[in-house]
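Dropping the structure in here first, questions after.
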There are 2 protein chains.
Amino acid sequence: MDKAHYSNIHLALVHFPVYNKTGEVVVSSVTTLDVHDISRVCRTYGVGAFYVVTPLKTQQELVERLVGHWLKGHGAEYNPTRKEALLKTRVIKSLEDAVADVTEQAGEKPCVVVTGAKQQPNSIGYENFREQLQKGGPVLLVFGTGWGLEKNLTRNADYVLEPIEGNSGFNHLPVRGAVAIILDRLLGRS
Amino acid sequence: MDKAHYSNIHLALVHFPVYNKTGEVVVSSVTTLDVHDISRVCRTYGVGAFYVVTPLKTQQELVERLVGHWLKGHGAEYNPTRKEALLKTRVIKSLEDAVADVTEQAGEKPCVVVTGAKQQPNSIGYENFREQLQKGGPVLLVFGTGWGLEKNLTRNADYVLEPIEGNSGFNHLPVRGAVAIILDRLLGRS
């Protein structure tokens, strides 16, 4: 596979710290289907690394076992496109570690851009952010699970992407769908 | 909920006739997560009806039980946004029946537009199709599961939407992701 397919845009799916239904800060469970779906979408749009972020050892092992099965196990032969999709998927214990990993790979600190369903004071639109991307430099796009990213994560980000507005006022997209839409808006028709 | 949120664009997720991995025509299994994800995305973009198409009685019952749980069961209270997302989701035994249902609701036959991962002779681009949508009139957007829609379905459609090209040559998106991207391209920024 050609390394040139991959861009300097990376993605993190965060399972801690996120909110639960009642507003408490929790560790959410990894959904294996998120790992597959988001890996495929990342591969389609040539995203660099896809980090599955969880501090729980057992959950880290689950993701490693899943990825290992499709990269090296029986799955690699059974479904090669699934293998290809998972080549850049890795599990990591914190968002800080994901930032450090990108920094090490890219040679400079990434611009950290968080996403979410609510408008924020430091929100940036898609048109503006596409222009920002033209400048190059590493970017880490951050998605939350559960009921969304803990507020300090959002406050400390370099940018917050505008929420996806459909046309109905209903904004409860699954994270898998939000990733697909956002990568298409940012990278799909350049 | 305001009825005006809904457009004259409807969506069908087809489980028969579709191909399996080896190119045989089969009935694929309903994935409950498809029903939830696609219902949410449809609701976000104000899609009219979302038809889950399967000829299998047991699978129809599965979808009806799922929808019933969230509309009328304990789920309606536990998660009202899930309820709202599923209000326009229904199961139906064939694509012909879905076309007939839209025809009855809308008073005219819908324009049937199929999607898929391969370029076709009668493919239409997103820009052109958005213009087509401006004219009004009912539209039924058709998505396949498994390894894609049986070829006669594609041949007999009024239009075939261009496949989603990311920027990497890899085109193995999950159907949940394809629905999200296509609805956003067609309805997201008008």
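In the stretch A:33-49, which residues are of a type in the set (Ser, Thr, Tyr) and closer than 12 Å to residue A:176 by Cβ? Before you say what the answer is, go through the steps one by one.
Keep residues of the stretch A:33-49 that are of a type in the set (Ser, Thr, Tyr), which gives A:39, A:44-45.
Once the filter is applied, which keeps residues that are of a type in the set (Ser, Thr, Tyr) and closer than 12 Å to residue A:176 by Cβ, the stretch A:33-49 yields only A:39.
Next question, about the same structure. Scan the stretch B:146-175 for residues that are under 16 Å from the mean Cα position of the chain (by Cα), assigned to a loop (DSSP other than H, G, I, E, B) and away from chain A (no Cβ under 14 Å) and jot them down. Walk me through how you get there before you give the answer.
Applying the first criterion (under 16 Å from the mean Cα position of the chain (by Cα)) to the stretch B:146-175 yields B:146-150, B:153-154, B:157-164, B:173-175.
Filter once more, keeping what is assigned to a loop (DSSP other than H, G, I, E, B): B:146-148, B:150, B:157-158, B:162-164, B:173-174.
Passing the criteria: B:150, B:157, B:158.
Go through A:119, A:132 for me and flag whichever is outside any loop (DSSP other than H, G, I, E, B), surrounded by fewer than 21 Cβ atoms within 10 Å (Cβ to Cβ) and more than 9 Å from chain B (Cβ to nearest Cβ).
One residue alone meets the criteria, A:132.
What do you reckon, is residue A:115 among the β-branched types (Val, Ile, Thr), in contact with a Leu (Cβ under 9 Å, 6 or more places away or on another chain) and under 20 Å from residue A:179 (Cα atoms)? Can you show your working first?
Details: among the β-branched types (Val, Ile, Thr): yes; in contact with a Leu (Cβ under 9 Å, 6 or more places away or on another chain): yes; under 20 Å from residue A:179 (Cα atoms): yes.
So residue A:115 fits the description; yes.
Which residues, counting only those in the stretch A:8-42, are within 12 Å of another protein chain (Cβ to nearest Cβ) and not in a loop (DSSP other than H, G, I, E, B)?
A:9, A:32, A:33, A:34, A:35, A:36, A:37, A:38, A:39, A:40, A:41, A:42
Quick check on my filter: what residues within the stretch B:142-161 are under 28 Å from residue A:79 (Cα atoms) and surrounded by 18 or more Cβ atoms within 10 Å (Cβ to Cβ)?
B:142, B:143, B:144, B:145, B:146, B:148, B:149, B:153, B:154, B:160, B:161
Follow-up. Just wondering, is there one or more residues in the stretch A:92-110 that are in contact with a Phe, Trp or Tyr (Cβ under 7 Å, 6 or more places away or on another chain) and under 27 Å from residue A:150 (Cα atoms)?
Of the stretch A:92-110, the ones in contact with a Phe, Trp or Tyr (Cβ under 7 Å, 6 or more places away or on another chain) are A:92, A:98.
Next, only the ones that are under 27 Å from residue A:150 (Cα atoms) stay: A:92, A:98.
Among the residues of the stretch A:92-110, at least one is in contact with a Phe, Trp or Tyr (Cβ under 7 Å, 6 or more places away or on another chain) and under 27 Å from residue A:150 (Cα atoms), which makes the answer yes.
Please work out if residue A:25 is farther than 22 Å from residue B:179 by Cβ and touching a residue at least 60 places away in the same chain (Cβ under 8 Å).
yes
Results for (1) surrounded by 18 or more Cβ atoms within 10 Å (Cβ to Cβ); (2) among the small types (Gly, Ala, Ser); (3) more than 28 Å from residue B:8 (Cβ to Cβ), shown as yes or no for each residue.
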position	(1), (2), (3)
B:39	yes, yes, no
B:44	yes, no, no
B:52	yes, no, no
B:61	no, no, yes
B:72	no, no, no
B:83	yes, no, no
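Of the residues in the stretch A:44-76, how many are outside any loop (DSSP other than H, G, I, E, B), more than 14 Å from chain B (Cβ to nearest Cβ) and touching a residue at least 24 places away in the same chain (Cβ under 8 Å)? If you could, list the steps in order and put the result at the bottom.
So the first thing to find is which residues in the stretch A:44-76 are outside any loop (DSSP other than H, G, I, E, B), and the list is A:44, A:50-53, A:57-71, A:74-76.
Among the residues that remain, those that are also more than 14 Å from chain B (Cβ to nearest Cβ) are: A:51-53, A:57-69, A:71, A:74, A:76.
Restricting the remaining residues to those that are touching a residue at least 24 places away in the same chain (Cβ under 8 Å) gives A:51-53, A:59-60, A:62-64, A:66-67.
The qualifying residues number 10.
Next question. Of these, A:93, A:109, which one is among the basic types (Lys, Arg), closer than 23 Å to residue A:27 by Cα and away from chain B (no Cβ under 13 Å)?
Working: A:109 fails: closer than 23 Å to residue A:27 by Cα.
That would be A:93, the only listed residue that is among the basic types (Lys, Arg), closer than 23 Å to residue A:27 by Cα and away from chain B (no Cβ under 13 Å).
Let me ask something else about it. Against the conditions (1) assigned to a strand (DSSP E or B); (2) within 13 Å of chain B (Cβ to nearest Cβ), where does residue A:185 fall short? Just the number, please.
Unmet for residue A:185, out of (1) assigned to a strand (DSSP E or B); (2) within 13 Å of chain B (Cβ to nearest Cβ): (1).
Quick one: count up the residues across the stretch A:97-116 that are touching a residue at least 60 places away in the same chain (Cβ under 8 Å) and closer than 30 Å to residue A:169 by Cβ.
Result for the stretch A:97-116: 1.
Sticking with this structure for a sec: Test residue B:79 against the stated conditions and say whether it is within 14 Å of chain A (Cβ to nearest Cβ), at pLDDT below 95 and in contact with a Pro (Cβ under 7 Å, 6 or more places away or on another chain). Full working, then the answer.
Values: within 14 Å of chain A (Cβ to nearest Cβ): yes; at pLDDT below 95: yes; in contact with a Pro (Cβ under 7 Å, 6 or more places away or on another chain): no.
In short, no.
Looking at residue A:101 and the list (1) surrounded by fewer than 18 Cβ atoms within 10 Å (Cβ to Cβ); (2) among the acidic types (Asp, Glu); (3) part of a helix (DSSP H, G or I); (4) away from every other protein chain (no Cβ under 14 Å), which single condition is not satisfied?
It is condition (1) that residue A:101 fails.
Given (1) in contact with a Gly (Cβ under 9 Å, 6 or more places away or on another chain); (2) more than 14 Å from chain A (Cβ to nearest Cβ); (3) modelled with pLDDT under 95, identify the lone condition not met by residue B:114.
Unmet for residue B:114, out of (1) in contact with a Gly (Cβ under 9 Å, 6 or more places away or on another chain); (2) more than 14 Å from chain A (Cβ to nearest Cβ); (3) modelled with pLDDT under 95: (3).
Restricting the search to the stretch B:128-171, which residues are farther than 26 Å from residue B:46 by Cβ and touching a strand residue (DSSP E or B) at 6+ places or on another chain (Cβ under 6 Å)?
Within the stretch B:128-171, B:146, B:147, B:148, B:150, B:154 meet the criteria.
Can you tell me how many residues in the stretch A:23-68 are over 14 Å from residue A:89 (Cα atoms) and of a type in the set (Asp, Glu)?
Counting residues in the stretch A:23-68 that are over 14 Å from residue A:89 (Cα atoms) and of a type in the set (Asp, Glu) gives 1.
The values are calculated or read from the model by the stated rules, or taken from the named source; none is laboratory data. All values reported here derive from a predicted model rather than from experimental measurement. Cβ sites come from the backbone with ideal geometry, for glycine too, and all protein chains shown count toward neighbours.
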